[in-house]
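Participant: First the structure, which I've put down as structure tokens, then a few questions once you've had a look.
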Amino acid sequence: MKFNIAKSGGVKAELVFEDRLETEFVKALAEKEIFAGKAEEVYFSMNDKFEVILLIGLGKEAVIKFDMLRKTFFKVAEVLLKNKVAEVELNIPKLNNLCNYKLAEAIAEGMLQATYKFDKFKSEKKETPELIVNYNPIPGKEHRAEKGIDEAEKLIESIFLTRDLINQPANVIYPETLADIAKERLEAKGVKVTVYGRKEIEELKMEAFLNVARASAKEPKLIVMEYYNNPESDERIALVGKGLTYDSGGYAIKPATGMVDMHTDMGGAGTVIGAMNALASLKAKVNVFAVVASCENMISGDGYRNGDIIGSMSGKTIEIINTDAEGRLTLADAVYYATNNMGATKLIDLATLTGACVMALGEQVSGVVTNNDEFFNKLVEGNERAGEMVWKMPATDYYKKMNDSKTADIKNSGGKLGGMMTAGLFVGSFLAKEIPWIHVDIAGTASVEKAYGYIKEGATGVMVKSLYYALAE
């Protein structure tokens, strides 16, 4: 898809407001309940001469919001691509007094979202037809529209990177290949990527991480990505992503049906790689680094067991209640490393961590545990602009005490009750110092079974935009 600014040509789209039906044709369509200009409504008609009528419903102008525009223009692009339209002209007036660059960004993102497909392993691939979009903002705002479309293109590139990483199976994406892709994609954008193997991880005494990794023939990798672009600030924000490229459950083995999609258990890693790509591509003035402790949770004669007591980089001992509560063990060492060795001043960890979060919030809302409302509110600002949702869960002593162990410093499962909160608080207990911290559980949102809005089935790339908006502005 190619965008041109201030250029005419192609199918001329007509914007229609449901409270302002201006032509007799549109009024007739509304009377017949075919098209009434409601938000996200698209009317497409082609006659025998291949002349096209394209009507785009925007609802009531006074309530137009960016996410509605994304969803609407996603549908517009789907229709145009399906019907192999080569060129479209969009004449966009000022809408609900929205910022012109954010307006262009939302429209472009919605249309670009329609181009995603995951057919890497299909023998026969369907080519996506090229679509030229001639975008005409109000006169004098061309540079603002250009800025918005450029931002949308770079964010979509980052979201699609995340989706591709999560969608690929575990025989293709494993710790080494995940590290290779991070290095290849991010270093081209000016991000320093350092990859540590088993020997270096052992030297760091990351015992919790190594115990999870030890049953797999695949070598674990500690992936550190650094982007420092604000020399005037002492702030160093850490992103930590869960990097389980496959999770069998270990000796607490999952049922066969529960293992099929466990290649997606590195959703947190994919998300932080995508977020780093976005920040660097758009040259955000911020100091951010990301840490991923990547491995597989497999089964062997040397696998860690339920009932074991293991160490960790922090020095804390951990009682293993459940080998399928492994992600929080890798995060424990990664979080400690980020705060103790890398000097994080704020930290966000993202993980496909608990089924409890999925049961509580479903597939469209990510769960949060945090120790700092001000930092959390900054993330919410990013969510609202991105059109993504998080929900803060309670983090009281009631939940913290559920992780108490009789035989070790802490146990890796607090039991069936409050599972999302106890898991998040387990991770937070490995901060080397008291800094603002947010834990985001994306178990339900990183990959979905049912498409919604402009999100297609499979990996979503959720939180890439939110992290960019929250940290870059």
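Participant: Read through the list (1) assigned to a loop (DSSP other than H, G, I, E, B); (2) modelled with pLDDT of 95 or more; (3) outside the structural domain of Tyr454 (by the TED database), then give the number of the only condition that Gly190 fails.
Facilitator: Gly190 satisfies every listed condition except (3).
Participant: Another question, if that's okay. Within the stretch 374-387, can one find any residue that is closer than 29 Å to Ile309 by Cα and assigned by the TED database to the domain that holds Met266?
Facilitator: no
Participant: Kindly check whether there is at least one residue in the stretch 393-413 that is open to solvent by less than 20 Å² (accessible area, probe 1.4 Å), β-branched (Val, Ile, Thr) and out of contact with any Pro (no Cβ under 9 Å at 6 or more places or on another chain).
Facilitator: The answer is yes, given that some residue of the stretch 393-413 is open to solvent by less than 20 Å² (accessible area, probe 1.4 Å), β-branched (Val, Ile, Thr) and out of contact with any Pro (no Cβ under 9 Å at 6 or more places or on another chain).
Participant: Could you run through the stretch 159-175 and say how many residues are assigned to a helix (DSSP H, G or I), touching a Ser or Thr at 6+ places or on another chain (Cβ under 8 Å) and closer than 21 Å to Val195 by Cα?
Facilitator: Residues that pass the stated criteria total 3.
Participant: Which of (1) touching a residue at least 12 places away in the same chain (Cβ under 8 Å); (2) open to solvent by 10 Å² or more (accessible area, probe 1.4 Å); (3) under 16 Å from Tyr336 (Cβ atoms) is the odd one out, the single condition Glu203 does not satisfy?
Facilitator: Result: Glu203 fails condition (1) only.
Participant: Among the residues in the stretch 340-362, are any open to solvent by 40 Å² or more (accessible area, probe 1.4 Å), of a type in the set (Asp, Glu) and in contact (Cβ under 8 Å) with a residue 24 or more places away in the chain?
Facilitator: So far as the stretch 340-362 goes, no, none of its residues is open to solvent by 40 Å² or more (accessible area, probe 1.4 Å), of a type in the set (Asp, Glu) and in contact (Cβ under 8 Å) with a residue 24 or more places away in the chain.
Participant: Take the conditions without any contact (Cβ under 8 Å) to a residue 60 or more places away in the chain and over 30 Å from Glu109 (Cα atoms) and apply them to Asn229. Does it pass?
Facilitator: It is false that Asn229 is without any contact (Cβ under 8 Å) to a residue 60 or more places away in the chain and over 30 Å from Glu109 (Cα atoms).
Participant: While we're looking at this one, here's another question. Need pairs with beta-carbon distance below 7 Å; first residue more than 21 Å from Pro139 (Cα to Cα) and within the stretch 1-22, second of a type outside the set (Val, Ile, Thr) and in a strand (DSSP E or B); sequence gap 6+ or separate chains.
Facilitator: From residues that are more than 21 Å from Pro139 (Cα to Cα), the pairs are Glu18/Gly57.
Participant: Within the stretch 115-157, how many residues turn out to be open to solvent by less than 50 Å² (accessible area, probe 1.4 Å) and aromatic (Phe, Trp, Tyr)?
Facilitator: Within the stretch 115-157, residues that are open to solvent by less than 50 Å² (accessible area, probe 1.4 Å) and aromatic (Phe, Trp, Tyr) number 2.
Participant: Under 6 Å by Cβ, and 6 or more places apart or on different chains, what pairs join a residue from the stretch 106-125 that is more than 16 Å from Val464 (Cα to Cα) with one that is among the β-branched types (Val, Ile, Thr)?
Facilitator: Every condition considered, the pairs that remain are Ala108/Ile149; Thr115/Thr128.
Participant: Sticking with this structure for a sec: Pick out the one residue from Ser466, Ser447, Ser429 that is in contact with a strand residue (DSSP E or B) (Cβ under 9 Å, 6 or more places away or on another chain), open to solvent by 10 Å² or more (accessible area, probe 1.4 Å) and within 30 Å of Asp119 (Cβ to Cβ).
Facilitator: Ser447
Participant: Same structure, new question: With respect to Thr271, is the statement that it is among the β-branched types (Val, Ile, Thr), more than 26 Å from Gly197 (Cβ to Cβ) and part of a helix (DSSP H, G or I) true?
Facilitator: So Thr271 fails the test.
Participant: Those residues that are open to solvent by less than 50 Å² (accessible area, probe 1.4 Å), closer than 15 Å to Phe17 by Cβ and either over 27 Å from the mean Cα position of the chain (by Cα) or not hydroxyl-bearing (Ser, Thr, Tyr) (or both), I need them from the stretch 53-74; list them, please.
Facilitator: Answer for the stretch 53-74, where residues must be open to solvent by less than 50 Å² (accessible area, probe 1.4 Å), closer than 15 Å to Phe17 by Cβ and either over 27 Å from the mean Cα position of the chain (by Cα) or not hydroxyl-bearing (Ser, Thr, Tyr) (or both): Leu55, Ile56, Gly57, Leu58, Gly59, Glu61, Ile64, Met68, Leu69.
Participant: Just one of the numbered conditions (1) over 22 Å from Ala470 (Cβ atoms); (2) out of contact with any strand residue (DSSP E or B) (no Cβ under 7 Å at 6 or more places or on another chain); (3) part of a helix (DSSP H, G or I) is not true of Asn211; which one?
Facilitator: (2)
The values are calculated or read from the model by the stated rules, or taken from the named source; none is laboratory data. Keep in mind that this is a model prediction, so the values were computed, not measured. Glycine gets a Cβ as well: all are built from the backbone with ideal geometry, and neighbour counts include every protein chain shown. Ligands, DNA and RNA are excluded from the accessible area calculation, which covers all protein heavy atoms including side chains. Shrake-Rupley method; radii C 1.70, N 1.55, O 1.52, S 1.80 Å.
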